[in-house]
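Structure first, commentary second.
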Amino acid sequence: MKKVALITGSSRGIGRAEAIALARRGYAVCINYIEHEAEAQETLHLLQSEGHEAIAVRADVSNRTEVEAMVRETEKRLGYVTLLVNNAGIAGQCLFQDLTPQHWERMLGVNLTGAFNTIQAVLPHMLHEHSGCIINTSSIWGQHGASCEVAYSASKHAVIGLSRSLAMELAPSGIRVNCVAPGVIDTDMVKVLGDETLGMLAEETPLGRLGTPEDIAALVAFLASEEAGFITGQVITSDGGFIK
């Protein structure tokens, strides 16, 4: 069976590294983006220059109609999705009392409903084939909570619940569902914290550095591989020992 991966939020950062890693492991790849078209095209050109089959599709994962259109285009141009990586996510920091309904809804819309939308869109074929792999992205803050990040933490906690429950439901159909929980990873999302804070976070990490997108991509590639064929329903943390 042809291996086709859809990676949401894959124009840059962790998603981009995942797209590259999976393409180099034989997957045809759909690069998904919403705002960063230039970065998505750059990633696409890189993969195509290496001889990999890839496309770039714009879709807001919180929008069911756009997600279904993206999956249809992927199926038409690459084939049925055999691996779904729900990487798209947003973050934001504020005091709980300053959290607006709009911010709350957008955070859950992208981080949680986005995963719901994409899974339901690719699942029919996986069920038909009794095969498939779904990897969702949580966070160490989805495992332990984080001050001033209530909406983000809540959404990432929910992703863990979704992953564990869905894994039990889909296991009899031969579909594996796992979840990765990155620590502090050197991406644009965390760069907003500033160099001083990032330096402190690196010092607090037992391995003495921030994680890289490639660290998470390597974990995702393993979970997608046949070597991980007996792993499902798990939340794998990659944080350099940050959370004791």
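The values are calculated or read from the model by the stated rules, or taken from the named source; none is laboratory data. Model, not experiment: these values are computed from the prediction. Using ideal geometry, Cβ is built from the backbone for each residue, glycine included, and neighbour counts are taken over all protein chains shown. Side chains are part of the model used for accessible areas, which takes the heavy atoms of the whole protein and leaves out ligands, DNA and RNA. Shrake-Rupley method; radii C 1.70, N 1.55, O 1.52, S 1.80 Å.
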Study note, to complete from the structure: At the level of C-alpha centres, the distance separating region 27-93 and region 182-224, in angstrom, is 23 Å
Point to revise | Label-point gap, in nm, between residue 209 and residue 144 - each point 7 angstrom along Cα→Cβ | key: 2.1 nm
Exercise for review: Taking the chain as the reference, fit the longest principal axis to its C-alpha atoms, fit the long axis of helix 37-49 to the helix C-alpha atoms, and give the angle between the two in degrees, 0 to 90, nearest 10.
Suggested key: 50 degrees
**Study point:** Within a Gaussian network of the chain (alpha carbon springs, distance under 10 Å), most fluctuating of 34, 140, 55
**Key:** 34
Check your understanding: Which shape class, rounded, prolate or oblate, goes with region 108-149 when its Cα gyration tensor gives a ≥ b ≥ c as root eigenvalues, a/c under 1.5 marks rounded, and past that a/b bigger than b/c marks prolate?
Key -> oblate
**Study point:** Choice from 184, 150, 192 showing the highest fluctuation, given a GNM over the chain with Cα pairs closer than 10 Å
**Key:** 192
Study note, to complete from the structure: Candidates 182, 101, 213; GNM for the chain (alpha-carbon contacts under 10 Å) flags as most fluctuating 101
Point to revise | Virtual paramagnetic centre 7 Å along Cα→Cβ of residue 191, amide N under 18 Å, in region 11-35 | key: 11-18, 34-35
Review point. Across region 13-80, how large is the tail of the calculated P(r) beyond 14 Å, expressed as a percent of all Cα pairs?
Key: 56 percent
Review point. Considering lysine pairs in the chain that are 8 or more places apart or on different chains, how many have Cα atoms under 20 Å apart?
Key: 4
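Ignoring ligands, DNA and RNA, what accessible area per residue does region 14-94 give at 1.4 Å, in Å²?
45 Å²
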